[in-house]
Structure formats: C-alpha cells, structure tokens
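The block underneath contains the structure these notes are about, expressed in structure tokens.
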Amino acid sequence: MKTLQLDFNRRPSVVPWIGLLLTVLGIVAVLWVMTQLDVAKENKAQIEIREDEIALRIKQLEAKRLAAQKASPVSDKVAKVARAQTFSAEAGLAVLEEVWRPEIAFTHMEVANLERDIKLELEAKSLNDVLLLVDRLTQHPSVKQVSLARNSTKVGDPFKPAVAAIEIYWRDNRPEETKASTVTVAETGASR
C-alpha cells in the first residue's frame, strides 16, 4: 500500500518512470526510422545509377549494331537467310498431303519458304477434279490464298487429262515464341 501523505501544503514527488521510458523508446524509434529512410534513399540512388548505366549500355550496343549493319549490306541478306531458315515448308506440304486425291498428279512443285508459297503444276483426270482440289485447298484452315493460274486439256493425250497451275499461300501457324525469335533474329542480325 501507498503511504498516505497528510501534508497538504507540499506536492507529492513521484518520478514518472513510465513516461520517461516511453519518451526514450519514442526517441529510439524515431532515430531507427530515420536511419532506415536514409538507407532506403541510398538504395534508391544506387538503383537509379544502375538503371542509367544499363540504359546507356543498351544505347551503345544498339548504336554499334546499327553501325555494323550500315557498314555491311550483307547483314540484311544474312538476316533474310536466317529468317528463311526458321520457316518450314512442312506446313504447306502437310496441307497438300491432306487435300490430295488419287485423281491428281503433281508434275512440278516450287516451294518458297520465306513467302510461304507453293507453285504447283498438276494433271488430273478432269477439270472437275482440279476445281475440287482448289475448293478443298480454299476450305483448309491453314491456307491463306489459292490461285488457279491456268488450266487446259492435253489435246495430244488419248485420255485428255486436265493440266493446271495452282499457287498456294499458307498461314504461319507456328507458336508465338518461334515467331518472336524470328523477329529478334531479323532485327538484331544475331545468329543461332
């Protein structure tokens, strides 16, 4: 129990320990927060310096690449060849394999990978078979465009087969990652 103070003229003297302790803890907390803010500012400054260095390095590399590309006109050709190598004629040939029927004979075929183009010369039993082939090609989802360049009937042949020339453009159905790497190779002139 607390002792009773009966002298009413004198003020009681009690040291406020709790208040002093809380004040000291508050000062320590403020100092800690200030040091943490200083550390955060230093880290931010270092990150900004590093970002500036990286941006400068990227600009320098881009300038070197452009200078090398301007100095060598061959690099455009190299990029075109590298891009052509990433294309595959398998998609176009797979389309032909799907739509082919025994009534059709392919006599000549030219495949251009870069343009995704196939030029066909063919013979068929009748002109109707040629038109059916063109219809099947047109309806195929991987085919962008089909052109029937010419058609005729072989007069000297006793079976009178239909002769035609067809040009087919197929779609680029590769995954997006492959397309992106093709663009990167073409833009940077890098080789694999």
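The values are calculated or read from the model by the stated rules, or taken from the named source; none is laboratory data. Since the structure is predicted, the reported quantities are computational estimates derived from the model, not experimental observations. Please note: Cβ atoms are built from the backbone with ideal geometry, for glycine as well, and neighbour counts cover all protein chains shown.
For residue 98, the conditions (1) part of a helix (DSSP H, G or I); (2) surrounded by 15 or more Cβ atoms within 10 Å (Cβ to Cβ); (3) acidic (Asp, Glu) all hold with the exception of (2). None of 75, 126 is farther than 17 Å from residue 171 by Cβ, surrounded by 12 or more Cβ atoms within 10 Å (Cβ to Cβ), of a type in the set (Ser, Thr, Tyr) and modelled with pLDDT under 90 except 75.
Screening 10, 83, 50 for residues that are at pLDDT below 90 and farther than 30 Å from residue 117 by Cα leaves exactly one candidate, 10. Within region 55-75, identify whether any single residue is closer than 30 Å to residue 145 by Cβ and of a type in the set (Lys, Arg), and answer yes or no. For region 55-75, residues closer than 30 Å to residue 145 by Cβ and of a type in the set (Lys, Arg): absent. If only residues of region 120-170 that are assigned to a strand (DSSP E or B) and of a type in the set (Lys, Arg) are counted, the one that is nearest to residue 80 (Cα to Cα) is 144. Considered as a group, the residues in region 102-119 that are part of a strand (DSSP E or B) and acidic (Asp, Glu) include one that is surrounded by the most Cβ atoms within 10 Å (Cβ to Cβ), and that residue is 117. Go through the residues of region 45-62 one by one and say whether even a single one is surrounded by 10 or more Cβ atoms within 10 Å (Cβ to Cβ), under 26 Å from the mean Cα position of the chain (by Cα) and of a type in the set (Lys, Arg). There is at least one residue in region 45-62 that is surrounded by 10 or more Cβ atoms within 10 Å (Cβ to Cβ), under 26 Å from the mean Cα position of the chain (by Cα) and of a type in the set (Lys, Arg).
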